[in-house]
Amino acid sequence: MQVISDIAMLRARSPGEPLAFVPTMGNLHEGHLSLIRLARRHAPRVAASIFVNRLQFAPGEDFERYPRTFASDCEKLAAEGVELVFAPDERTLYPEPQVYVVEPPPLANELEGKFRARFFHGVTTVVLKLFNCVQPACAVFGKKDYQQLMIVRGMVRQFNLPIEIVAGETLREQDGLAMSSRNGYLSASERAEAPRLHQVLQHVKARLGDGERDFEGLGGEALRGLAAAGWKPDYVEVRRQDDLGTPGPADTRLAVPGAARLGSTRLIDKVEA
Ligand code: PAF
(Lines give C-alpha, C1' and ligand atoms only; values in the text may rest on other atoms or scores of the structure.)
Protein backbone atom coordinates (compact mmCIF):
# COMPACT_ATOMS: atom_id res chain seq x y z
CA MET A 1 0.00 0.00 0.00
CA GLN A 2 1.39 3.39 -1.00
CA VAL A 3 0.90 6.22 1.50
CA ILE A 4 1.30 9.55 -0.25
CA SER A 5 1.10 12.96 1.35
CA ASP A 6 2.29 15.07 -1.55
CA ILE A 7 0.02 16.16 -4.41
CA ALA A 8 2.75 16.13 -7.08
CA MET A 9 3.71 12.58 -6.09
CA LEU A 10 0.09 11.53 -6.15
CA ARG A 11 -0.28 12.91 -9.68
CA ALA A 12 3.00 11.33 -10.80
CA ARG A 13 1.93 7.82 -9.86
CA SER A 14 1.71 5.56 -12.87
CA PRO A 15 -1.66 5.92 -14.52
CA GLY A 16 -3.24 2.52 -14.25
CA GLU A 17 -6.66 1.12 -13.94
CA PRO A 18 -9.51 3.29 -12.63
CA LEU A 19 -9.56 4.10 -8.93
CA ALA A 20 -12.49 3.84 -6.54
CA PHE A 21 -12.04 6.40 -3.79
CA VAL A 22 -13.21 6.54 -0.17
CA PRO A 23 -12.56 9.93 1.46
CA THR A 24 -12.33 9.79 5.25
CA MET A 25 -11.24 11.82 8.23
CA GLY A 26 -9.55 8.74 9.70
CA ASN A 27 -10.30 6.97 12.99
CA LEU A 28 -11.59 4.16 10.84
CA HIS A 29 -14.22 1.70 12.04
CA GLU A 30 -16.16 -1.13 10.42
CA GLY A 31 -18.48 1.41 8.76
CA HIS A 32 -15.54 2.88 6.81
CA LEU A 33 -14.21 -0.58 6.00
CA SER A 34 -17.59 -1.56 4.55
CA LEU A 35 -17.28 1.47 2.22
CA ILE A 36 -13.81 0.25 1.20
CA ARG A 37 -15.26 -3.19 0.42
CA LEU A 38 -18.04 -1.57 -1.61
CA ALA A 39 -15.44 0.54 -3.46
CA ARG A 40 -13.59 -2.63 -4.42
CA ARG A 41 -16.71 -3.85 -6.24
CA HIS A 42 -16.67 -0.71 -8.40
CA ALA A 43 -13.07 -0.45 -9.60
CA PRO A 44 -9.99 -2.64 -9.73
CA ARG A 45 -7.96 -0.39 -7.40
CA VAL A 46 -9.08 1.36 -4.21
CA ALA A 47 -7.75 4.62 -2.78
CA ALA A 48 -8.68 6.22 0.54
CA SER A 49 -7.82 9.60 1.97
CA ILE A 50 -7.24 10.51 5.60
CA PHE A 51 -7.58 14.21 6.30
CA VAL A 52 -9.31 15.98 9.19
CA ASN A 53 -10.71 18.96 7.34
CA ARG A 54 -10.60 22.10 9.47
CA LEU A 55 -12.84 23.89 6.95
CA GLN A 56 -15.90 21.83 7.90
CA PHE A 57 -15.61 22.45 11.66
CA ALA A 58 -17.16 25.59 13.12
CA PRO A 59 -15.30 27.40 15.92
CA GLY A 60 -16.02 25.53 19.17
CA GLU A 61 -16.66 22.20 17.42
CA ASP A 62 -14.44 19.17 17.94
CA PHE A 63 -11.69 19.80 15.34
CA GLU A 64 -8.92 19.75 17.95
CA ARG A 65 -10.13 16.66 19.79
CA TYR A 66 -11.25 14.74 16.68
CA PRO A 67 -9.51 11.34 17.10
CA ARG A 68 -6.37 11.00 15.00
CA THR A 69 -5.29 7.35 14.72
CA PHE A 70 -3.16 7.38 11.58
CA ALA A 71 -1.02 4.29 12.24
CA SER A 72 -3.92 1.98 13.07
CA ASP A 73 -5.97 3.46 10.19
CA CYS A 74 -3.17 2.52 7.77
CA GLU A 75 -3.02 -1.00 9.21
CA LYS A 76 -6.76 -1.42 8.67
CA LEU A 77 -6.57 -0.09 5.10
CA ALA A 78 -3.60 -2.32 4.28
CA ALA A 79 -5.50 -5.33 5.64
CA GLU A 80 -8.36 -4.45 3.25
CA GLY A 81 -5.92 -4.44 0.33
CA VAL A 82 -6.21 -0.71 -0.32
CA GLU A 83 -3.63 0.28 -2.94
CA LEU A 84 -3.25 3.96 -2.14
CA VAL A 85 -3.74 6.26 0.84
CA PHE A 86 -3.65 10.00 0.29
CA ALA A 87 -2.84 11.65 3.62
CA PRO A 88 -1.94 15.28 3.05
CA ASP A 89 -1.15 17.60 5.93
CA GLU A 90 -2.93 20.93 6.26
CA ARG A 91 -0.16 22.90 4.54
CA THR A 92 -0.37 20.61 1.53
CA LEU A 93 -4.11 20.88 1.03
CA TYR A 94 -4.45 24.47 2.27
CA PRO A 95 -1.07 26.11 1.53
CA GLU A 96 -2.81 29.48 1.60
CA PRO A 97 -6.15 30.60 3.07
CA GLN A 98 -8.87 28.83 1.07
CA VAL A 99 -10.70 31.89 -0.25
CA TYR A 100 -12.26 30.04 -3.18
CA VAL A 101 -14.99 27.80 -1.78
CA VAL A 102 -17.82 25.80 -3.28
CA GLU A 103 -21.19 27.48 -2.77
CA PRO A 104 -23.51 24.57 -2.01
CA PRO A 105 -27.26 24.68 -2.74
CA PRO A 106 -29.93 25.99 -0.33
CA LEU A 107 -30.32 22.45 1.06
CA ALA A 108 -26.95 23.09 2.74
CA ASN A 109 -28.65 25.58 5.07
CA GLU A 110 -31.28 23.09 6.23
CA LEU A 111 -31.04 20.08 8.61
CA GLU A 112 -27.29 19.79 9.45
CA GLY A 113 -26.62 23.20 7.92
CA LYS A 114 -29.07 24.89 10.27
CA PHE A 115 -26.94 23.81 13.23
CA ARG A 116 -23.48 23.75 11.63
CA ALA A 117 -22.97 27.01 9.77
CA ARG A 118 -20.92 26.59 6.56
CA PHE A 119 -20.39 22.88 7.26
CA PHE A 120 -21.28 21.93 3.68
CA HIS A 121 -19.14 24.73 2.23
CA GLY A 122 -16.23 23.04 4.00
CA VAL A 123 -17.25 19.53 2.97
CA THR A 124 -17.85 20.29 -0.71
CA THR A 125 -14.68 22.36 -0.99
CA VAL A 126 -12.44 19.65 0.46
CA VAL A 127 -14.19 16.90 -1.49
CA LEU A 128 -13.69 18.84 -4.74
CA LYS A 129 -10.00 19.31 -3.87
CA LEU A 130 -9.59 15.63 -2.98
CA PHE A 131 -11.31 14.61 -6.21
CA ASN A 132 -8.93 16.87 -8.17
CA CYS A 133 -5.92 15.35 -6.43
CA VAL A 134 -6.92 11.68 -6.56
CA GLN A 135 -8.88 11.78 -9.86
CA PRO A 136 -10.97 8.70 -9.12
CA ALA A 137 -13.47 7.06 -11.44
CA CYS A 138 -15.90 6.62 -8.58
CA ALA A 139 -16.18 7.66 -4.95
CA VAL A 140 -18.08 6.05 -2.09
CA PHE A 141 -19.99 7.97 0.61
CA GLY A 142 -21.94 6.52 3.53
CA LYS A 143 -25.70 6.95 3.79
CA LYS A 144 -25.47 7.89 7.47
CA ASP A 145 -24.33 11.34 6.31
CA TYR A 146 -27.21 11.38 3.87
CA GLN A 147 -27.34 15.13 3.33
CA GLN A 148 -23.60 15.11 2.56
CA LEU A 149 -24.19 12.33 0.02
CA MET A 150 -27.01 14.32 -1.67
CA ILE A 151 -24.99 17.53 -1.78
CA VAL A 152 -21.83 15.85 -3.12
CA ARG A 153 -23.94 14.11 -5.78
CA GLY A 154 -25.39 17.47 -6.85
CA MET A 155 -21.91 19.04 -6.96
CA VAL A 156 -20.56 16.24 -9.16
CA ARG A 157 -23.55 16.57 -11.49
CA GLN A 158 -23.47 20.35 -11.77
CA PHE A 159 -19.69 20.62 -12.19
CA ASN A 160 -19.68 17.74 -14.72
CA LEU A 161 -17.10 15.80 -12.74
CA PRO A 162 -16.48 12.40 -14.39
CA ILE A 163 -16.95 10.56 -11.09
CA GLU A 164 -19.67 8.09 -10.19
CA ILE A 165 -20.94 8.60 -6.64
CA VAL A 166 -21.79 5.34 -4.89
CA ALA A 167 -23.81 5.20 -1.65
CA GLY A 168 -22.88 2.74 1.12
CA GLU A 169 -25.33 1.47 3.73
CA THR A 170 -25.00 2.57 7.36
CA LEU A 171 -23.34 -0.03 9.56
CA ARG A 172 -24.78 -0.39 13.06
CA GLU A 173 -23.67 -1.80 16.37
CA GLN A 174 -25.78 -4.72 17.62
CA ASP A 175 -28.04 -2.36 19.57
CA GLY A 176 -28.73 -0.24 16.48
CA LEU A 177 -26.35 2.67 17.12
CA ALA A 178 -24.95 3.87 13.80
CA MET A 179 -21.17 3.42 13.68
CA SER A 180 -19.36 6.73 13.93
CA SER A 181 -15.96 7.96 15.00
CA ARG A 182 -17.76 10.26 17.45
CA ASN A 183 -19.22 7.25 19.35
CA GLY A 184 -15.80 7.06 21.01
CA TYR A 185 -16.60 10.30 22.88
CA LEU A 186 -19.52 8.66 24.73
CA SER A 187 -19.22 7.72 28.41
CA ALA A 188 -20.45 4.25 29.42
CA SER A 189 -23.86 5.55 30.48
CA GLU A 190 -24.18 7.69 27.34
CA ARG A 191 -23.22 4.70 25.21
CA ALA A 192 -26.07 2.73 26.80
CA GLU A 193 -28.48 5.57 26.00
CA ALA A 194 -27.18 6.31 22.50
CA PRO A 195 -29.28 3.73 20.52
CA ARG A 196 -32.36 5.80 21.40
CA LEU A 197 -31.72 8.08 18.42
CA HIS A 198 -32.09 5.18 16.02
CA GLN A 199 -35.11 3.84 17.96
CA VAL A 200 -36.84 7.20 17.69
CA LEU A 201 -36.22 7.33 13.93
CA GLN A 202 -37.46 3.76 13.59
CA HIS A 203 -40.62 4.74 15.46
CA VAL A 204 -41.22 7.60 12.99
CA LYS A 205 -40.68 5.12 10.15
CA ALA A 206 -43.22 2.73 11.69
CA ARG A 207 -45.80 5.52 12.01
CA LEU A 208 -45.21 6.47 8.37
CA GLY A 209 -45.67 2.82 7.47
CA ASP A 210 -49.04 2.91 9.26
CA GLY A 211 -50.08 5.75 6.95
CA GLU A 212 -49.42 8.75 9.22
CA ARG A 213 -48.92 11.83 7.04
CA ASP A 214 -48.56 14.59 9.64
CA PHE A 215 -44.82 14.89 8.99
CA GLU A 216 -44.33 17.90 11.24
CA GLY A 217 -46.24 16.24 14.05
CA LEU A 218 -44.07 13.12 13.78
CA GLY A 219 -40.88 15.20 13.88
CA GLY A 220 -42.11 17.16 16.89
CA GLU A 221 -43.04 13.98 18.73
CA ALA A 222 -39.57 12.54 18.07
CA LEU A 223 -37.88 15.70 19.38
CA ARG A 224 -39.98 15.63 22.54
CA GLY A 225 -39.13 11.93 23.08
CA LEU A 226 -35.42 12.64 22.84
CA ALA A 227 -35.60 15.71 25.06
CA ALA A 228 -37.56 13.76 27.70
CA ALA A 229 -34.70 11.23 27.79
CA GLY A 230 -32.13 13.97 28.43
CA TRP A 231 -30.95 14.63 24.87
CA LYS A 232 -30.66 18.05 23.22
CA PRO A 233 -32.20 17.30 19.85
CA ASP A 234 -31.34 19.48 16.84
CA TYR A 235 -33.77 18.04 14.29
CA VAL A 236 -35.79 15.02 13.30
CA GLU A 237 -37.60 15.56 10.03
CA VAL A 238 -39.44 13.59 7.41
CA ARG A 239 -38.00 14.40 3.99
CA ARG A 240 -38.15 13.04 0.44
CA GLN A 241 -35.58 10.30 0.01
CA ASP A 242 -34.47 11.31 -3.45
CA ASP A 243 -33.55 14.97 -2.84
CA LEU A 244 -34.25 15.64 0.87
CA GLY A 245 -36.96 18.09 -0.15
CA THR A 246 -40.10 18.62 1.92
CA PRO A 247 -42.51 15.79 1.06
CA GLY A 248 -46.16 16.03 0.16
CA PRO A 249 -48.80 13.53 1.35
CA ALA A 250 -48.49 11.52 -1.90
CA ASP A 251 -44.73 10.99 -1.59
CA THR A 252 -43.85 7.41 -0.74
CA ARG A 253 -40.04 7.30 -0.83
CA LEU A 254 -39.17 9.05 2.42
CA ALA A 255 -36.13 9.54 4.65
CA VAL A 256 -36.02 10.46 8.31
CA PRO A 257 -32.74 12.18 9.22
CA GLY A 258 -32.09 13.23 12.79
CA ALA A 259 -29.36 14.77 14.93
CA ALA A 260 -29.16 15.25 18.67
CA ARG A 261 -26.63 15.94 21.35
CA LEU A 262 -26.07 13.45 24.16
CA GLY A 263 -23.90 15.15 26.75
CA SER A 264 -21.20 16.82 24.71
CA THR A 265 -21.44 14.37 21.79
CA ARG A 266 -23.50 15.18 18.73
CA LEU A 267 -24.85 12.08 16.97
CA ILE A 268 -26.60 11.88 13.62
CA ASP A 269 -28.54 9.09 11.97
CA LYS A 270 -31.07 8.50 9.24
CA VAL A 271 -33.55 5.82 8.25
CA GLU A 272 -35.34 5.27 4.97
CA ALA A 273 -39.10 4.88 5.13
O1 PAF B 1 -17.69 12.16 5.85
C2 PAF B 1 -16.55 12.53 6.14
O3 PAF B 1 -15.78 11.83 6.79
C4 PAF B 1 -16.06 13.90 5.67
O5 PAF B 1 -17.10 14.82 5.64
C6 PAF B 1 -15.34 13.85 4.30
C7 PAF B 1 -16.27 13.40 3.20
C8 PAF B 1 -14.15 12.91 4.38
C9 PAF B 1 -14.83 15.24 3.94
O10 PAF B 1 -13.94 15.73 4.89
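Values as computed for the structure displayed
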quantity	calculated
Helices (runs of 4 or more DSSP H) contained entirely in region 7-112, each with at least 3 residues that are closer than 16 Å to Ser181 by Cβ	30-40, 70-79
Region 93-107 residues that are under 10 Å from Thr125 (Cα atoms), paired with ones that are outside any helix (DSSP H, G or I) (beta carbon under 6 Å, 6 or more apart)	none
Test for Gln56: is it surrounded by 15 or more Cβ atoms within 10 Å (Cβ to Cβ), farther than 22 Å from Leu267 by Cβ and within 14 Å of the ligand (Cβ to nearest atom)	no
Phe70 being under 24 Å from Leu38 (Cβ atoms) and either more than 14 Å from the ligand (Cβ to nearest atom) or modelled with pLDDT of 95 or more (or both)	yes
First in region 22-49 and under 25 Å from Glu90 (Cα atoms), second anywhere and part of a strand (DSSP E or B) and of a type in the set (Phe, Trp, Tyr), Cβ under 7 Å, 6 or more apart	Ala47/Phe21; Ala47/Phe86; Ser49/Phe86
Residues of region 164-176 classified as free of Cβ contacts under 8 Å to residues at least 40 places away in the same chain and either touching a Pro at 6+ places or on another chain (Cβ under 7 Å) or in a loop (DSSP other than H, G, I, E, B) (or both), total	4
Qualifying residue in region 150-172 (condition: away from the ligand (no atom under 13 Å from the Cβ) and farther than 30 Å from Glu17 by Cα)	yes
Gly122 being over 20 Å from His29 (Cα atoms), in a helix (DSSP H, G or I) and away from the ligand (no atom under 13 Å from the Cβ)	no
Tally of residues being among the aromatic types (Phe, Trp, Tyr) and surrounded by 21 or more Cβ atoms within 10 Å (Cβ to Cβ) across region 101-118	0
Among the residues listed as Arg40, Arg91, Arg65, Arg11, the single one being more than 15 Å from the ligand (Cβ to nearest atom) and surrounded by 15 or more Cβ atoms within 10 Å (Cβ to Cβ)	Arg40
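The values are calculated or read from the model by the stated rules, or taken from the named source; none is laboratory data. Bear in mind the structure is a predicted one, so any value in this text is a computation, not a measurement. For neighbour counting, all protein chains shown are included, and Cβ atoms are generated from backbone atoms with ideal geometry for every residue, glycine included.
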